[in-house]
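Below is one structure, written out as structure tokens; comments come after it.
The values are calculated or read from the model by the stated rules, or taken from the named source; none is laboratory data. The model shown is predicted, which means the values in this text are computed figures rather than measured ones. So basically every Cβ, Gly included, is an ideal-geometry build from the backbone, and we count neighbours across all protein chains shown.
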Amino acid sequence: MDGLTAKHIGFADARLNYAMLIQIPERLREHARLQQEIADSQKRALEEVERKALSAAGEDELVRKMEEARRKLAEADGAVERAQAALRATDERRDALIASLEDETYREALNIIAMADAQDRLETLVQEAKRTPTPADDAMVQRIGELNERIERIDAEIAELRKSARSIAERRLEVERARDRFRKSGYDHPDVIFDNELDLERILGQILGGAATGSVLWDILRAGFGLRYPGGRRRSGGLTFPFPFPIPMPGRHGETGGDEWRRPDSRGGWFPPEDAWGKSRPRYDDDDDDDDDERHHRRGKWETGGRF
């Protein structure tokens, strides 16, 4: 009965087909493993070809020059930081001096003493001039009075200049804070671009003129921030050393962040902190085609860093 049923439904042929079907996944896995081995072998061979070609092209010397340039960059950064520290100390001394001169009680006491002394001397000179018959003495006394008035005008101008100097120093500090944040965020990395040069120029002018603050400048920087792929960066072999620097990618944190990419002892890895991104995700420019973000063509574009 079983044989008749099996023959009736074609069990023998179906069994053979079923056995072949259930073996397909295993055969596919084996095929994928073999293909991966072939691909890995080809990749290693290509890496070796690239390594030899780079070595023959003088890669070792270029890497040495890059490391030397990074060392000099670190020394220059140190010199800038020391100069900034000296400038801050000078600013503090200046502020302390201005504050002492602008102390209301101290200034009023000095003015009272100076005015009383000047008045006493002027009155004494007037009395002595009246006792003398020569008009030269009267002219001298008049001249002294004019000089006293001029001194008062100059004192007022000095006070206005101090106020202006304080205002300029505050604006300069705002720009310096934005610059420090710019560097700490890694915005001066060679792979960073900005597509809003005109906005930056306008805001800097407004800050220096007292019409805008440093926070506005930072917002403009974040809005224009983008990344580019330098020419010649891509390699099929995928060698790992940074030449000149690894490409920062959103969501992928490297060994360093922000301004640490300048350290000579780092491998140049870099990822901007979360607050460095603008409202939109960064744009990428590969420098070798014409399908990049159109805003790079509509508006001015400037780049930071440079090539080693």
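One residue stands out in the stretch 32-70 among those that are modelled with pLDDT of 90 or more and of a type in the set (S, T, N, Q): the one that is farthest from Pro190 (Cα to Cα), namely Gln35.
For the stretch 66-93, filtered to residues that are in contact (Cβ under 8 Å) with a residue 40 or more places away in the chain and more than 15 Å from Leu173 (Cβ to Cβ), the residue that is nearest to the chain's Cα centre (by Cα) is Asp77. Going residue by residue through the stretch 188-209, is there one that turns out to be crowded, with 17+ Cβ neighbours inside 10 Å and of a type in the set (Gly, Ala, Ser)? No - not one qualifying residue is present in the stretch 188-209. Applying the set (1) of a type in the set (Val, Ile, Thr); (2) farther than 30 Å from Ala165 by Cβ; (3) free of Cβ contacts under 8 Å to residues at least 24 places away in the same chain; (4) surrounded by 11 or more Cβ atoms within 10 Å (Cβ to Cβ) to Val63 leaves exactly one unmet item: (3).
If I ask for residues that are in a helix (DSSP H, G or I) and either polar (S, T, N, Q) or touching a Ser or Thr at 6+ places or on another chain (Cβ under 8 Å) (or both), which ones from the stretch 143-187 would you list? Asn148, Ser164, Ser167, Glu174 - these are the residues of the stretch 143-187 that are in a helix (DSSP H, G or I) and either polar (S, T, N, Q) or touching a Ser or Thr at 6+ places or on another chain (Cβ under 8 Å) (or both). Do we find that Ile151 is of a type outside the set (Gly, Ala, Ser), surrounded by fewer than 14 Cβ atoms within 10 Å (Cβ to Cβ) and at pLDDT 80 or above in this structure? Considered against the rule, which asks whether it is of a type outside the set (Gly, Ala, Ser), surrounded by fewer than 14 Cβ atoms within 10 Å (Cβ to Cβ) and at pLDDT 80 or above, Ile151 comes out as yes. For the stretch 1-31, taking the residues that are more than 60 Å from the chain's Cα centre (by Cα) and assigned to a loop (DSSP other than H, G, I, E, B), the one that is modelled with the highest pLDDT is identified as Gly10. Report whether or not Arg88 is modelled with pLDDT of 75 or more and under 30 Å from Asn148 (Cβ atoms). Criteria not met by Arg88.
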